[in-house]
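Here's the structure, in structure tokens; my notes come after.
The numbers here are math on the coordinates, done by the rules we state, and not lab data. Owing to the predicted nature of the structure, the values given are computational and were not obtained by experimental measurement. Neighbour counts are summed over all protein chains in view; Cβ atoms, including those assigned to glycine, are modelled from backbone coordinates with ideal geometry.
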Amino acid sequence: MLETLRTIDMYDMIKFIPLIPLIGFLILGLTGKYIKKEAVIGTIGSLAVFIPFVLSIILFIDIVKQHITSPVIVPVYTWINTGQLSISISYQVDQLSILFSLIITGVGFLIHIYSIGYMHGDRSFSRFFAYLNLFIFMMLNLVLSSNFLLTFLGWEGVGLCSYLLIGFWYDQKFEGTRITWTGDAANKAFIVNRIGDFGFIIAMFLIFLTFNSLDYQTVKEAAAGGAFAYYNTGILTAITLLMFLGCTGKSAQIPLAVWLPDAMAGPTPVSALIHAATMVTAGIFLIARNSVLFALAPDTMMVVAIVGLATAFFAATIGLVQNDIKKVLAYSTVSQLGFMFIALGVGAFTAGVFHVMTHAFFKGLLFLGAGSVIHGMHHQQNIKMMGGLKKYMPVTYITFFVATLAISGIPFFSGFFSKDEILWSAFSKGHWIMWLIGATAAFFTAFYMFRLLKLTFHGEERFDPHHVHPHESPKTMTIPLIILAVLSALGGFLGIPYALGSWFSAHPNLLENFLDPVFEDAQKIISTATMKVSSGNEIHFQEYLLMLISTGIALSGIYLANKFYSDALWSVPRALAKNFRGTYNLLFKKYKLDEFYFATVVDPCIETSRSFLWKIFDVKYIDGLVNGLGRTSMGIGETVRKLQTGIVQNYAVIMTGGIILILFWIFISL
Amino acid sequence: MAILLTILFLPLAGAFLLMLVNKKEAKVIQYTALAISLATFVISFSLMAHFDSNNPNFQFIVNIEWIKQFDAGFRIGVDGMSLLLVMLTAFIAPITILSSFSAIEKRQKEYYVMILILQFAMTGVFISLDIFLFYIFWEIILIPMYFIIGIWGGKDRLYATVKFFIFTVVGSLFMLVAIVWLGSYVGGTVLHNDAGFTTNFMVIQHALDNQPIPLDIQKWIFLAFALSFCIKVPLFPFHTWLPDAHTEAPTPGSVVLAAVLLKMGTYGLIRFNLDLFPQASFYYAPIISTLAVVGIVYGALVAMVQTDMKRLVAYSSVSHLGFVVLGIFSMTVEGIQGGIIQMVNHGLSTGMLFLLVGMIYERRHTRDIAEFGGIARVMPAFTVFFSIAMFASVGLPGLNGFVGEFLTLFGAFNSPFLNNWSYTIVATSGVIFAAVYLLWMFQRVMFGANTNPQNHALKDISKREWALLVPMVVFIVWIGVYPSTFMKVSENSTKALVNKLYEKKFGYKPYALPASTQQKANIKN
């Protein structure tokens, strides 16, 4: 009940978590161009994220100590209040919001530091940091909000920042389907996301209609208690499906996944922060936040899982053949996000959130590493033009290697725990086909990641040593790499599966324990709907077996990549590409989804608008009708036209005289 | 009372004052006009300060007998809805005048006289509490607007101005007939007063509350008013005068047209159609809402394929005003409130877009999108302002446009009068298209490389231009972040209207209003 929600003074601190980056944005946005020193700008920008990080830690510790079971709502002010609608700017302290806040500010802070080095010398240095701070502000609003509408503000706000940062180098070219400038890629990201937002908005209307509120907690309690005005599963399915449409936009899932690879037009720290670690996980957050609604709509859950699975698989296959270091990572991100949706779809909410966290570590690291490579290679991004970089960039190499192990699912690195938990959840809920396809995608992941590692850092040097002098990046860039490498290696121990950790603790999965209050209701709904499969030991045995199998899969992917690309001529992959030219091209062209959308939606829409709506309907029909009317009805048009030609002055005199007369009349009668 | 009279007549007095100035003294004329409009704006704050927003009824009423023969009076007053529009007018006028300093080069004296007369008449439209007076103001507006487009406009100005004139005159003729009928019906048939006629709005309002016009006749009277208003809005398919008028008008003309003139139509729909003809409103709501929704999508689609920046913004108005009309005919508090705030929003964001397009036109004497590219490099401040206006227009939360769009859509979704989700669902797709047409234009003009040699040396905005844009941004952000300042002004007036509509349709009043203010006996007869 809302009455029981205490507003504890200490939690008021949550207000400052988004406020401080906002202040950072305002300072840098308004005065940034007068600050000449990069160090000052970088410090302001980074502090504006570091302070909220510290605050998040304090809140986190307190939550753990207090074992709060229901969220604490901290209202700030009433935003929109009219008729029956009253929406507040208000924040919510609970396990989920603080966990996301920690990831955003923590990884965000490291990326800010990194950017000081990466963006050194850029003419718009302060603008970059202003945008980054604005992004952090919006992202924090998204996750800390206590209602849908404030989340939507953040949701759109991060979209705005994504747009601004993809097009940050607005006068540079970028290659893509119908894309010539970075700005085109930025537009694509914003517009595709808007399609998803359409779903989000309608979902909010339906939620208000059903629950008479847009507050998360009110909706959750009403839904969990089955006490809603308008209850039927149909409406819940509609709500959750529309919400999921929003998620497919923001988190780049099929059918709206097309924007993310092109978003790589932005500076690399942006790709790390926005298009890997934080913003693209907003969809996962939204579903996790509304786990009860989704749990009550099993049809939607199925759709979520299938879409996630398809995305995880197809994006991984595209990643196999890309040559741009950032494009490989972009498809990898799409694929990994797909894994997270599989988890949500099978009801393993904790596993989904766990993978958000580990992915933020290792994918953030991979992008930053890629940035370091690009930085050291004078903006070369084609991995076929690299090779042998490990001796020039040892820190980048080692940290990149750690992240590669983590994403490939090598035991005891972070990605192993989170990905395995997802696959295991799918299997244990009876979806063995999902497990199989997911495991195949994991195999591809291991392959393309080691292909990337191999082509970039190993083998012979394929760049021109006279023009390119690879060098290690400065400390501001390498230190964040090292910290993230440690997290990528060890972060998984927060979520040790029971099967592995039962010997030392009854609750080895710390994350699951921590998030339990958030997902408790949803889990109850799901577990009553599906029967428990089998008993403890038998499950453990299966789990061990699957772990072994998936480790084997990862290792074979690595082995294959190693074998393919150790040979300097790449004869095997070349032969494969040649023999399966059709498949290769299809993958290389990303299944031609962009082309399909242009041909079926965009172009017809433009063509109809131009040649029918405008030129025919407006100009011919309506104007024709009016012009015709004008001519026939005692020639109003003609008369006015005659009055028009040359005697405007006279007309003015008459009109002005008329007005004066009328006014005179008014005054007389006053 | 004195405040309202001052706000109304100060610009007119200014116009007379300007007539006395030698026309060669261009600077004197410009600054006098600016000073007068600024003074009006400042005074309008005291209107806001003295306004009692708890009271849903008309305030600051002035009621002076005038033409006894048909009980027409000089009757003015404001309630929450009209107050916001009066404020908008008072705010936009100095902006318009300041932007004219560079946009208007010939016949300055006549021009500033026209603008001040225009301000006088626009204010008059929003505060008239007499339908005859309303009609006079409504018609007066045609004259200065006609000349502003016809004299100071672009090269196809004659076509545009004739088109504007025909459309509007056709509309207002129908309205005149309806006004005459209404006056004699209420004065004669209902009240049997001495004149056998009345144009007193509050008397008519009260009389029709108790004794509605029989539905078959009411429908016709509704249509006569609605036609006039819908042309002004403009509602699809009466919109084709707008792109021409906007494109040919000088920058300040477009600003005032978009920011204030179009709002007279939407204001009229609330003030007259909903209030006086509720039964006909119920009957026609689905049709008008359908046209509004079609307009939202249609305007956006056609805007998408425009090559002239100004024409693009003009078509976007068709789309945005569709949201306003949809909100109004949802007949819910959220929808109407959203509609009212969206009127203000559109005035700000579209007004600002017109200003910005005007600024670039003054520098390059073209508005063809293809002529530009990479402007951000040479005009960074301009680009920032443009992006703010653009995202306000796109409906980005945190800026003003979102509040209006969300509420109108919300109102339409929950409306028991429309009782159909499809309006909202189709209208919401306008949110996608709005991003498409504005972002495409922005990309082609601002981003990319600056390759056209004529754009290499463009100057960023001047101090005067900063002074034009900053106030607009202030309100754009203010309404986006804290709309209550403005929305609470019209909240109770809207609730009173919605109560009435619910009572007529469903037999109950959903909102409790502060007791002391229920139907103060303001009606003199």
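Observations, loosely collected:
- For segment B:398-525, with +1 on Lys and Arg beta carbons and -1 on Asp and Glu, the positive-most of B:Gly430, B:Tyr508, B:Tyr482 along the dipole: B:Tyr508
- Leading residue at positive end of dipole, the protein assembly as shown (Cβ point charges), from A:Ile89, B:Gly188, A:Leu389: A:Leu389
- Estimated at 0.36 nm per residue, the fully extended path between A:Glu595 and A:Tyr559 surpasses their Cα-Cα distance by 9.5 nm.
- In percent, rounded to a whole number, the relative contact order of chain B is 16, using alpha-carbon pairs under 8 Å and six or more apart.
- Counting other Cβ atoms within 10 Å as a rough exposure proxy, the listed residues B:Lys505, A:Lys65 run A:Lys65, B:Lys505 from fewest neighbours to most.
- Prolate/oblate/rounded call for segment A:75-155, Cα gyration tensor, a/c under 1.5 rounded: oblate
- In sequence order, segment A:288-299 has phi-based couplings of 5, 4, 10, 4, 5, 4, 5, 4, 7, 10, x, 4 Hz under the Karplus curve 6.51 cos²θ - 1.76 cosθ + 1.60, θ = phi - 60°, and Gly or Pro positions carry x.
- In plain terms, the residue of B:Ser349, B:Ser387, A:Ser566 with the fewest other Cβ atoms within 10 Å comes first and the most crowded comes last, giving A:Ser566, B:Ser387, B:Ser349.
- Per-residue Karplus couplings for segment A:410-424, computed as 6.51 cos²θ - 1.76 cosθ + 1.60 with θ equal to phi - 60°, are listed in order as 6, x, 6, 7, 4, x, 4, 5, 6, 5, 5, 5, 5, 5, 5 Hz, Gly and Pro entered as x.
- Helix axis angle, A:325-345 relative to chain A longest principal axis, alpha carbon, degrees: 90
- Stretchable slack from A:Thr608 to A:Tyr584, in nm (0.36 nm times residue separation minus alpha-carbon distance): 5.1 nm
- For A:Lys454, a cut-off of 19 angstrom between C-alpha atoms picks up these aspartates and glutamates, skipping any fewer than 8 places away in its own chain: A:Asp324, A:Asp464, A:Glu472, A:Asp567.
- Based on Cα atoms of the protein assembly as shown, Rg over Rh with Rh as the Kirkwood radius reads 1.01.
- Angle between chain A longest axis and helix A:38-66 axis [Cα atoms, degrees, rounded to 10]: 70
- Given A:Lys173/B:Lys155; A:Lys188/A:Lys589; A:Lys326/A:Lys429; B:Lys310/B:Lys488; A:Lys384/A:Lys475, the pairs whose alpha carbons are separated by over 29 Å: A:Lys173/B:Lys155; A:Lys326/A:Lys429; B:Lys310/B:Lys488
- Axis angle, to the nearest 10 degrees, between helix B:463-481 and the longest C-alpha principal axis of chain B: 50 degrees.
- Debye intensity ratio in log₁₀ form over the Cα atoms of segment A:392-468, taken at each q of 0.27 Å⁻¹: -1.21
- Scattering from segment B:287-511 was approximated by placing one identical point on each alpha carbon and applying the Debye formula without solvent; log10 I(q)/I(0) at 0.09, 0.10, 0.13, 0.16 1/Å stands at -0.39, -0.47, -0.74, -1.01.
- Derived scalar couplings between HN and Hα for segment A:495-505 equal x, 5, x, 4, 4, 8, x, 5, 6, 10, 7 Hz in order, rounded to whole Hz, by the Karplus curve 6.51 cos²θ - 1.76 cosθ + 1.60 (θ = phi - 60°), x for Gly and Pro.
- Placing pseudo-labels 7 Å out from each Cα toward the beta carbon at B:Val169 and A:Met385 gives an inter-label distance of 6.8 nm.
- Structural descriptor for segment B:287-511: relative contact order 27 percent, calculated from alpha carbon pairs under 8 angstrom and at least 6 residues apart.
- Computed about the Cα centre, the dipole magnitude for segment A:147-588 is approximately 1000 debye when only Lys and Arg (+1) and Asp and Glu (-1) carry charge, each at its Cβ.
- Using a Förster distance of 41 Å, the FRET efficiency for A:His507-A:Ile235 (Cβ separation, nearest 0.05): 0.65
- Virtual spin-label span in nm between B:Ile217 and A:Lys615, 7 Å along Cα→Cβ: 5.1
- FRET efficiency, B:Trp181 to B:Lys509 (Cβ-Cβ, R0 35 Å, nearest 0.05): 0.70
- Here B:Ala2 and B:Ile67 are evaluated by their C-beta separation; at R0 = 22 Å the FRET efficiency comes out at 0.40.
- Taking other Cβ atoms within 10 Å as a rough exposure proxy, A:Val353, A:Val258, B:Val318 sort from fewest to most as A:Val258, B:Val318, A:Val353.
- Modelled label reach - B:Ala467, point 7 Å along Cα→Cβ, segment B:21-45 residues with backbone N closer than 20 Å: B:25-45
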